[in-house]
Amino acid sequence: MEKTNCLVCAEAISTSKEYFTGEILSCGGCGQEHEVVQVASSFQLALAPELEEDWGE
Amino acid sequence: MISSNKIIISTTLFRPEEIQIKAALLRRGFNVDVCLTRQGISWEKLMANLPAIVLMRNLSHREALNNSAMYTAAGPLVINSHASIQICTNKVLQSVELQRVNVPIIDYRVAFNSDDIRNAVETLGYPFVIKPISASWGRGIARILNSEALETWFAARESVDASEKSYPLLVQRYIEKSDFDIRVVVIGDIPVVAFKRNSAHWKTNTHLNGKVEPIAITDEFKEIAKNVTRKIGKGFYGIDLIEDPNTGKIFFCEVNHNPEFAKSSAIHGVDIAECIADYVYEIAVEGIQSTKSEIRPSLALV
């Protein structure tokens, strides 16, 4: 399985074509949440957005 | 052109709930697209190949309201409906609409300014609860124990909102409750699971670490679910109830249009994503009539 790195602590994060764009992945090292922003040509992560005011049930 | 096999899941983030729903829909043979609003929606592409159904799972209330209005205008069946999302995202509208169909709502007042809150206290008494009209996960909700606490609340409020632009607010009688509230998950108009959310805090959202304990679905829960969905239309909802420990009376607290279920499902064992997929499948087969509500339709954007 291919890997990328946490954008905060550089811990390795497993990547897979099975993931969906927009899916949230947590770093096993520091817990930082990442959002999968690209799967197709290359696997890319971005820091997941912070809680926003009108989010919720 | 509407593709009868195509479903769009409209969402803000692709959380475990949406992942489970997508997988369950794929297992029933649907062609499923996920639309993440923040990544943009190609409207031209959408209109050229409209889905039969759009499943609204937006975490953002603003997105849920705007997107459900736009999808409804474009033609697909939208679940939950835009009308029901309007009600569910507005605590005052919930109280006003649902008291008309015998749902046991908590005695409330609507405060358009600080004087209205002072007037409400005269009849509701202390303690009472102040709630923003639209907020989630218990944010902004305050229990006011006495006049001193109320003056402190006013002072804090004035420092950030001197012109009272954040009104109206919902003012509710405080119901003394045990250390739990009750979440009833409704699909269509039928409760599929009920559970207590235990917490020592007076707010018991699982988001605030309320512990989940499955309980039986009573006739009373069924009746409340029937009356709520008769008013806002069938769909997928989380209805929150509280029980007065002194009288045993059940009160309706609120109905959520986008209930989370990943944490609680793992404990009560009811596969909510499968239930949703079954419901969507039934609708796709039966047609769109089953989601009609009594709410007057409004497609106004917010």
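The values are calculated or read from the model by the stated rules, or taken from the named source; none is laboratory data. Just so it is clear, the model here is predicted, and its values are computed rather than measured. We place every Cβ from the backbone using ideal geometry, glycine too, and count neighbours over all the protein chains shown. Calculation scope for accessible area: heavy atoms of the full protein, side chains included, ligands and nucleic acids excluded. Shrake-Rupley method; radii C 1.70, N 1.55, O 1.52, S 1.80 Å.
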Inside the range B:230-256, can you point out the residues that are surrounded by 23 or more Cβ atoms within 10 Å (Cβ to Cβ) and in a helix (DSSP H, G or I)? B:232
When you go through (1) within 29 Å of residue A:38 (Cα to Cα); (2) more than 14 Å from every other protein chain (Cβ to nearest Cβ); (3) aromatic (Phe, Trp, Tyr) one by one for residue B:108, which number turns out not to apply? (1)
Would you please name the residue that is surrounded by the fewest Cβ atoms within 10 Å (Cβ to Cβ), looking only at residues in the range B:66-108 that are in contact with a Gly (Cβ under 7 Å, 6 or more places away or on another chain) and part of a helix (DSSP H, G or I)? B:83
Subset of the range B:126-151 [out of contact with any strand residue (DSSP E or B) (no Cβ under 9 Å at 6 or more places or on another chain), away from chain A (no Cβ under 14 Å) and at pLDDT below 95]: none
Reported set for the range A:36-50 where residues are out of contact with any helix residue (DSSP H, G or I) (no Cβ under 9 Å at 6 or more places or on another chain) and at the interface with chain B (Cβ under 9 Å from one of its Cβ atoms) is A:36, A:48
Exactly one condition in (1) within 20 Å of the chain's Cα centre (by Cα); (2) in contact (Cβ under 8 Å) with a residue 40 or more places away in the chain is false for residue B:18; which is it? (2)
Would it be correct to say that residue B:10 is part of a helix (DSSP H, G or I), more than 10 Å from every other protein chain (Cβ to nearest Cβ), buried (at least 23 other Cβ atoms within 10 Å of the Cβ) and modelled with pLDDT of 95 or more? no
I'm trying to understand the selection: among the residues of the range B:236-267, which are within 14 Å of chain A (Cβ to nearest Cβ) and within 21 Å of residue B:14 (Cβ to Cβ)? B:236, B:238, B:256, B:257, B:258, B:259, B:260, B:261, B:262, B:263, B:264
Within the range B:43-67, the count of residues that are within 14 Å of another protein chain (Cβ to nearest Cβ) and either out of contact with any His (no Cβ under 8 Å at 6 or more places or on another chain) or without any contact (Cβ under 8 Å) to a residue 60 or more places away in the chain (or both) comes to 9
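Kindly provide the set of residues from the range B:169-185 that are open to solvent by less than 40 Å² (accessible area, probe 1.4 Å) and not in a strand (DSSP E or B), ordered by number.
Across the range B:169-185, the qualifying residues are B:174, B:175, B:177, B:178.
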Scanning the range B:13-34 for residues that are in a strand (DSSP E or B) and open to solvent by 10 Å² or more (accessible area, probe 1.4 Å), the one farthest from the other protein chains (Cβ to nearest Cβ) turns out to be B:31
Just a yes or no: is a residue in the range A:20-33 within 13 Å of chain B (Cβ to nearest Cβ), buried (at least 17 other Cβ atoms within 10 Å of the Cβ) and in a loop (DSSP other than H, G, I, E, B)? yes
Considering only the range A:34-53, state which residues are in a loop (DSSP other than H, G, I, E, B) and open to solvent by 40 Å² or more (accessible area, probe 1.4 Å). A:40, A:41, A:42, A:43, A:50, A:51, A:52, A:53
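Could you pull out the residue among B:232, B:217 that is among the aliphatic types (A, V, I, L, M) and within 13 Å of the chain's Cα centre (by Cα)?
Every option except B:232 fails the conditions.
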